[in-house]
Amino acid sequence: MLKENIFYVDDTILKRIDSDFELIEKKDWYKLYQNKADKSFWRLDEWDKLQVQMFVKLVTIENWTEFDDKDLRIELLKKSRGLSIEKCNWKDCNKKALNNFVFCELHAYKEMGIRK
Ligand SMILES: [Zn+2]
């Protein structure tokens with residue numbers, strides 16, 4: 001069972017998808033999967049060399065291609081990079097900067113386009 005709600009897609013995740021999930025639908029730039037065990041729905045980004053590919057758990061399958069996973073992506077960015085003890089350099093931001101970076105996860109994501 002996957003504990004997190006969002007993953008960067010790598011070979012391990014692709015193997016899990018292959019064995020534990022069923023492909024339900026393909027639409028736009030996404031694939032809809034259902035977990036065989038707990039029946040939860042997940043969305044996989046189509047592979048694109050310019051994008052970071054994600055696998056994200058859906059809250060509902062209604063308008064599943066529209067599901068906004070931005071907050072989850074920002075959380076994942078923070079989790080995977082970790083936080084430093086420095087403050088974010090963005091004006092008036094009180095959050096901590098990411099490890100080896102000058103901005104927090106929010107500004108890294110929104111303003112700098114950092115995805116991973
Ligand atoms: Zn910030």
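A short reminder: the numbers here are calculations on the coordinates, not readings from a lab. Just so it is clear, the structure is predicted and the values come from calculations on it, not from any experiment. Quick reminder, even Gly has a Cβ in these numbers, built from the backbone with ideal geometry, and neighbours come from all protein chains shown.
Between the residues LEU23, LEU44, VAL102, the greatest Cα displacement towards the positive end of the dipole of the chain, with unit charges on the Cβ of Lys, Arg, Asp and Glu, is found for VAL102. Considering the chain, its Cα convex hull presents a mean projected area of 8.1 nm².
Between 0 and 90 degrees, the angle of helix 11-20 with respect to the longest Cα principal axis of the chain falls at about 30 degrees.
Net charge dipole, the chain: roughly 440 debye, given to the nearest 20, about the Cα centre with Cβ charges of +1 for Lys and Arg and -1 for Asp and Glu.
The sum of -39500 (n - 2.57) across all DSSP H runs of n ≥ 4, divided by the residue count of the chain, sets its helix-only mean residue ellipticity at 222 nm to -7000 deg cm²/dmol. Length available on full extension from SER80 to SER40: 0.36 nm per residue minus the Cα-Cα distance, which gives 12.0 nm.
The loop-placed trypsin sites (Lys or Arg not before Pro) in segment 1-40, going by DSSP, that have at most 15 neighbouring Cβ atoms within 10 Å of their Cβ come out as LYS3, LYS36, LYS39.
By other beta-carbon atoms within 10 Å, ranking SER80, SER19, SER40 with the fewest at the front produces SER19, SER80, SER40. For segment 47-116, chymotrypsin sites (Phe, Trp or Tyr not before Pro) meeting the loop criterion (DSSP other than H, G, I, E, B) and having at most 16 other Cβ atoms within 10 Å: TRP47. Assuming charge only on the beta carbon of Lys and Arg (+1) and of Asp and Glu (-1), the dipole of segment 71-110 about its Cα centre is about 20 debye to the nearest 20. Against the chain, whose longest principal axis comes from its Cα atoms, helix 70-81 is set at around 70 degrees.
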